Structure formats: structure tokens, C-alpha cells
Amino acid sequence: MSSNIKVQRICQHCGMEFTARTTVTKYCSDKCSKAAYKARIRAEKVQKSNVETLQVKTKPIEELKAKEFLTVQEVARLLNCSVRTTYYYIKTGKIRAVNLGQRLTRVKRSEIDKLFEHPQLEQPKPKTKQFDISDCYTISEVMEKYSISRTALQHLIKRENIPKINKGWYVFVPKTIIERLLT
């Protein structure tokens, strides 16, 4: 059964105007119809490939979320940071971990969850007293005056948290603190 209708339409593939014989015709020719079909099939394949890729990428993360104990590398992948950063978090106590032996550091999954439940605010550092350079010794002056080696002095400064003032080539330490410790 043929139709005598003539409807002006625009091809959905090439965009050109054509005369259609039915109200449901979408393409101007068989060539445009086949090209549109191929484009549609190609788009479906690309979409399917993208979905598979996304599943492959998220699969390891989902597996990590299911594990109760994680290695340092897995924690780094889960937090999207480097392994060194993860070790830093462990060292500073932000993440509690257990060292079961050489290269056997394990982190409980609940420790990672705790990071995000109560975010730890950075605590401001206590203000240190500002010292004037005229009230300070240089490192070499302290070594000469108190007959102490450079290494011993460096250990003392580090152990006692003595503030250091760097000025050009010289490092200054407060006289009052040094005198109190070395006399």
C-alpha cells in the first residue's frame, strides 16, 4: 500500500531537505540511513567500552573498600596520595598502623574511615619568643666559648628545641638559653 503524501523533511544524518512519502521517514536516502546506522552502532560500542573501562578502573578501589586490613600501597591508592605521604601520615600519627615485620605495615580500614569522620584541624604552633641578633651567639662563638663540638651543639639545639635565626651565612642561637644549658 503506497501513500500519495509528500512531506518536506530534513535528513537527520546529512541535514539536507528532502521530500518524504511517509510521516516517519528520517533520512533522505538509503546511503544516509546506512551511515546513520553505522554511526549509532559505533556510538553504542564506544559507550560500552567507556563503561567497561570505568568498571576496570573502579574495581580495585571497590576491592580495597571491602578489605579490613590494608598495606601502605593500598592506603596510598585509596587516599589518592603517594606512598611517602602515607608513611608520613603514619609517622605523625594521623593514621594508626601496625608494623608486623620488615615491609609488613598494615592499616586497619576503620582508621582510614576515622580520618574523614572527625577531620583533624591543624593546631596553630605556639609562638616562639623573638630574639634580637645582638642577644645571640653564632654557632662558632658557642663552640669556641664552651669548648663543644659542632655535632654535640647541633644535637643539643635539636633536643632542646632551641630557636635558630638564619641570617646570611650565619646561624644565631639565643645567649640566655645557651648559657642556661651549658653553664
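The values are calculated or read from the model by the stated rules, or taken from the named source; none is laboratory data. Computed from a prediction, not measured in an experiment: that's the story for all the values here. Neighbour counts run over all protein chains shown; Cβ positions are idealised from the backbone, glycine included. The accessibility values were calculated without ligands, DNA or RNA, using every heavy atom of the protein model including side chains. Shrake-Rupley method; radii C 1.70, N 1.55, O 1.52, S 1.80 Å.
Once amide H atoms are built 1.01 Å from N in the peptide plane, which residues 5 or more positions from Cys136, or in another chain, come under 5 Å H to H?
Amide H to amide H, under 5 Å and 5 or more residues apart or across chains, Cys136 pairs with Lys175.
Who wins for biggest fluctuation among Gly15, Gly93, Gly168 in a Gaussian network model of the chain, springs between alpha carbons below 10 Å?
Of Gly15, Gly93, Gly168, the most mobile in the Gaussian network model is Gly168.
When only Cα pairs under 8 Å and 6 or more residues apart are kept, what is the percent relative contact order across the chain?
That works out to 11 percent.
Please compute the modelled spin-label separation between Asn166 and Ser110, points set 7 Å along Cα→Cβ, answer in nm with one decimal.
4.4 nm
So what are the ³J(HN,Hα) numbers for the range 152-168, from phi and the Karplus equation (6.51, -1.76, 1.60; θ = phi - 60°), rounded to whole Hz, Gly and Pro as x?
Each residue of the range 152-168 in turn: 4, 5, 4, 5, 5, 4, 5, 5, 8, 6, 6, x, 10, 10, 8, 9, x Hz.
In the chain, what percent of the accessible surface is made up of carbon and sulfur (1.4 Å probe, ligands and nucleic acids excluded)?
Carbon-and-sulfur percentage of accessible area, whole number: 53.
How high is the FRET efficiency from Arg150 to Gln130, r the C-beta distance, R0 41 Å, rounded to 0.05?
0.95
Can you show me the helix-derived [θ] at 222 nm for the chain, built from DSSP H runs with n ≥ 4 at -39,500 (n - 2.57) apiece and divided by the number of residues, rounded to the nearest 500.
Helix contribution divided over all residues of the chain: -15500 deg cm²/dmol.
Of Asn99, Leu54, Thr25, which is farthest along the charge dipole of the chain in the positive direction, counting Lys and Arg as +1 and Asp and Glu as -1 at C-beta?
Highest projection toward the positive end goes to Thr25.
Mind checking the log10 I(q)/I(0) for the range 25-76 at q = 0.13, 0.30 Å⁻¹? Debye, one equal scatterer per Cα, no solvent, two decimals.
Result of the Debye calculation: -0.54, -1.05.
Using a Gaussian network model of the chain with C-alpha springs under 10 Å, which one of Val24, Val56, Val98 is most mobile by mean-square fluctuation?
Judging by the Gaussian network model, the answer is Val24.
Rolling a 1.4 angstrom probe over the protein heavy atoms, how many square angstrom per residue are accessible across the chain?
82 Å²
7 Å from Cα along Cα→Cβ at both Arg180 and Val83: what's the point-to-point distance in nm?
It works out to 4.5 nm between the two label points.
What is the pair-distance distribution P(r) of the chain, computed from all Cα-Cα distances in 5 Å bins starting at 0, with each bin given as a whole percent?
In whole percents, the pair-distance histogram is 1, 6, 9, 9, 6, 5, 6, 7, 7, 6, 5, 5, 5, 4, 3, 3, 3, 3, 2, 2, 1, 1, 0, 0.
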